[in-house]
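Here is the structure we will look at, set down as structure tokens.
The values are calculated or read from the model by the stated rules, or taken from the named source; none is laboratory data. Note that the coordinates shown come from a computational prediction; the quantities given were computed from them, not determined experimentally. Cβ placement follows ideal geometry from the backbone for every residue including glycine, while neighbour counts extend to all protein chains displayed.
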Amino acid sequence: MQYNRFLPILILLALGLLAAACGPSAGSPTPTLPPPSATARPPTATATFEPTATATRTPRPTPTPIPPSPTPVVDVYNYVQNCDVIDHLVSTYERQAGLEGLRFSTQLSAEAQARLELPVLVEPSCNVKPDNNPFAVVLHATRGGLVGSIAEFQERNSTSIHYIIDRDGQVYQMVPEELVAFHVTCCTAQFGQVKEDYRQSIGIELVNKLYVNPEGFDGPIYEDFLEAFGYRYWEDYPEAQIASLIVLVEDITARWGISMDQVVGHYQVNDTVDPGPALNLFWQRNGNPPRPPIFPNP
């Protein structure tokens with residue numbers, strides 16, 4: 001067979017014509033894809049993390065202050081009537097049982113009680129009279145221990161006191177403040193023209209032996225260089241007892257409107273030595289150990 005040299009050229013021309021018929025013609029726009037249907041799934045978005053917002057704390061409302069509890073009021077008329085019944089009891093046992101049933105709430109304010117290290121205890125005495133009108137506070141020393149002093153103040157027709165402070169600071173109330181207690185006797189001009197000091201004051205006893213012999217005495221001693229009452233050595237008043245005394249005096253004077261210059265020792269009212277030079281109310285102690293004044297100068 002004779003080879004036709006124009007055959008390859010003819011084949012290439014045929015292929016070119018076929019390609020032109022199948023592809024887009026020159027200058028024709030590029031076809032665009034139809035929009036996706038509404039049911040088509042959108043591409044998955046890349047997750048992003050927003051910072052967590054810090055929770056804002058709503059401020060608590062300021063609490064409304066609770067007013068202090070009012071000072072308990074003692075039914076003094078009923079107290080005196082009950083004491084009259086008790087004083088007519090012959091049996092010592094029955095009398096003591098009657099005193100135990102005569103309990104009343106202490107009259108120290110809630111603020112004063114909160115400042116004390118120990119709760120106030122009540123040991124009623126029936127050695128009272130009505131109509132106390134206090135404008136002074138008189139401070140005493142028991143000259144003996146706590147138990148014997150309470151027993152003396154509860155004995156029929158004996159002396160009495162409104163408050164006792166033990167050496168550990170424990171406070172006892174024995175007589176309501178509106179009633180007269182027999183802790184001072186008539187009469188001096190210390191409080192002005194008074195006729196019965198005990199009807200115009202509130203009495204506080206501090207457990208203390210007063211002057212002592214330093215040989216063999218194992219308690220705290222105050223040495224008075226001036227020997228103001230003729231003695232040099234006195235049983236000292238411990239800090240716990242002084243702390244309770246400050247609370248009592250400040251509370252009583254505030255409630256009754258008593259000025260601090262009417263806070264006095266028993267020796268300023270009657271011929272006695274208590275509470276002694278160890279209890280320096282408004283002056284520096286001139287002795288050993290020294291101590292600044294218990295109360296600021298009135």
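Checking the condition surrounded by fewer than 19 Cβ atoms within 10 Å (Cβ to Cβ), modelled with pLDDT of 95 or more and of a type in the set (S, T, N, Q), which residue from Asn213, Asn208 passes?
Asn213
Return yes when Tyr267 is aromatic (Phe, Trp, Tyr), crowded, with 17+ Cβ neighbours inside 10 Å and part of a helix (DSSP H, G or I) and no when it is not.
Yes; evaluated as a whole, the condition is true for this residue.
Could you check the range 74-110 and list, in sequence order, the residues that are basic (Lys, Arg) and part of a helix (DSSP H, G or I)? Lay out the reasoning, then the answer.
Taking the range 74-110 as the starting set, the residues that turn out to be basic (Lys, Arg) are 95, 103.
Listed by number, the list holds a single entry, Arg95.
Which one is surrounded by the fewest Cβ atoms within 10 Å (Cβ to Cβ), of the residues in the range 143-161 that are aliphatic (A, V, I, L, M) and out of contact with any helix residue (DSSP H, G or I) (no Cβ under 7 Å at 6 or more places or on another chain)?
Val147
If Gly219 satisfies every condition in (1) surrounded by 15 or more Cβ atoms within 10 Å (Cβ to Cβ); (2) in a loop (DSSP other than H, G, I, E, B); (3) touching a strand residue (DSSP E or B) at 6+ places or on another chain (Cβ under 8 Å) but one, which is the exception?
(1)
Return yes or no: is Phe295 in a loop (DSSP other than H, G, I, E, B) and surrounded by fewer than 15 Cβ atoms within 10 Å (Cβ to Cβ)?
The answer is no for Phe295.
Checking Glu177 against (1) modelled with pLDDT of 95 or more; (2) part of a helix (DSSP H, G or I): exactly one of these is not met. Which one?
Going through (1) modelled with pLDDT of 95 or more; (2) part of a helix (DSSP H, G or I) one by one, Glu177 breaks only (2).
Restricted to the range 232-250, and to residues that are surrounded by fewer than 20 Cβ atoms within 10 Å (Cβ to Cβ) and in contact (Cβ under 8 Å) with a residue 24 or more places away in the chain, which residue is farthest from Gly287 (Cα to Cα)?
Among those residues, the one meeting the criterion is Glu250.
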